[in-house]
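Asks: Dropping the structure in here first, questions after.
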Amino acid sequence: MFDSADDQLNIRPLSKEEAQLLRQKNSPLSPWRVISWQILVVLVVAFVTWLVTQDAAKTYSLAWGGLCVIVPSSVFAYALSRQIRSRQSSPSALLVGMFVWELVKVVLTVAMLLMTSRVVSGVSWLMLVLGFVLTMKVYWAVCCWVMKTPRLMKLKIMGM
């Protein structure tokens with residue numbers, strides 16, 4: 001049943017050279033690229049908030065909401081990239097490390113949110129949530145933007 005569908009699609013294994021070319025054209029999305037975009041969005045939105053409201057508490061609340069996403073994500077990305085670069089870890093150790101560092105990320109996020117009233121005087125919870133959500137959505141926006149780049153069109157033209 002499945003063999004006939006494969007024959008109709010003309011699926012064939014890639015040669016070593018074709019696989020390398022495909023990897024070069026579709027390099028994985030770096031977490032540091034996403035974090036850089038998150039930082040940029042937080043800075044721009046905080047600046048616009050300051051221009052519109054002239055309210056330091058709202059601006060700091062929005063920025064702190066963004067930092068509650070950026071700092072834990074940076075710790076997570078650094079830890080995992082360091083673990084991957086060591087190349088001494090087995091795949092199962094990498095998987096365990098991913099879960100451990102994800103737990104650290106969640107705990108750090110919650111801790112930062114709990115510290116909010118001590119860090120930001122006169123906190124605006126609405127602005128904090130807005131900064132938090134906007135920063136979280138940058139991840140998806142960057143992923144969608146990267147997926148729509150012309151390099152995927154080149155692969156379709158090349159027949160891959």
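The values are calculated or read from the model by the stated rules, or taken from the named source; none is laboratory data. Remember, predicted model here, so these are calculated numbers, not experimental data. Here Cβ is always computed from backbone atoms with ideal geometry, including for glycine, and neighbour counts include all displayed protein chains.
Asks: Pick out the one residue from L51, L22 that is farther than 17 Å from V133 by Cα, modelled with pLDDT of 95 or more and over 18 Å from the mean Cα position of the chain (by Cα).
Replies: Result of the check over L51, L22: L51.
Asks: Follow-up question, since we're still on this one. Check whether at least one residue in segment 107-118 is modelled with pLDDT of 85 or more and over 26 Å from A56 (Cα atoms), and report yes or no. Outline the logic, then answer.
Replies: Our first condition is that a residue be modelled with pLDDT of 85 or more; within segment 107-118, this holds for 107-118.
Pick out the ones that are also over 26 Å from A56 (Cα atoms) and you get 107.
Yes, segment 107-118 has at least one match.
Asks: Here's a follow-up. Quick one: would you say V133 is more than 16 Å from P31 (Cβ to Cβ), part of a helix (DSSP H, G or I), at pLDDT 95 or above and out of contact with any Pro (no Cβ under 6 Å at 6 or more places or on another chain)?
Replies: Yes; evaluated as a whole, the condition is true for this residue.
Asks: Right, here's the next one. Kindly list the number of the only condition in (1) assigned to a helix (DSSP H, G or I); (2) in contact with a helix residue (DSSP H, G or I) (Cβ under 8 Å, 6 or more places away or on another chain); (3) farther than 14 Å from P31 by Cβ that fails for S89.
Replies: Failing condition for S89: (1).
Asks: For segment 100-119, name all the residues that are free of Cβ contacts under 8 Å to residues at least 24 places away in the same chain and within 27 Å of V129 (Cβ to Cβ). Explain how you work it out, then say what you get.
Replies: Kept after step one, since they are free of Cβ contacts under 8 Å to residues at least 24 places away in the same chain, are these residues of segment 100-119: 100, 103, 107, 110-111, 114-115, 117-118.
Within segment 100-119, L103, V107, V110, A111, L114, M115, S117, R118 meet the criteria.
Asks: I need the full set of residues from segment 69-88 which are under 14 Å from the mean Cα position of the chain (by Cα) and farther than 9 Å from K105 by Cβ, in order please.
Replies: Hits for segment 69-88 are V69, I70, V71, S74, A77, Y78, L80, S81.
Asks: With the structure loaded, tell me whether V100 is surrounded by 12 or more Cβ atoms within 10 Å (Cβ to Cβ) and either touching a helix residue (DSSP H, G or I) at 6+ places or on another chain (Cβ under 7 Å) or basic (K, R) (or both) or whether it fails that test.
Replies: No, not satisfied.
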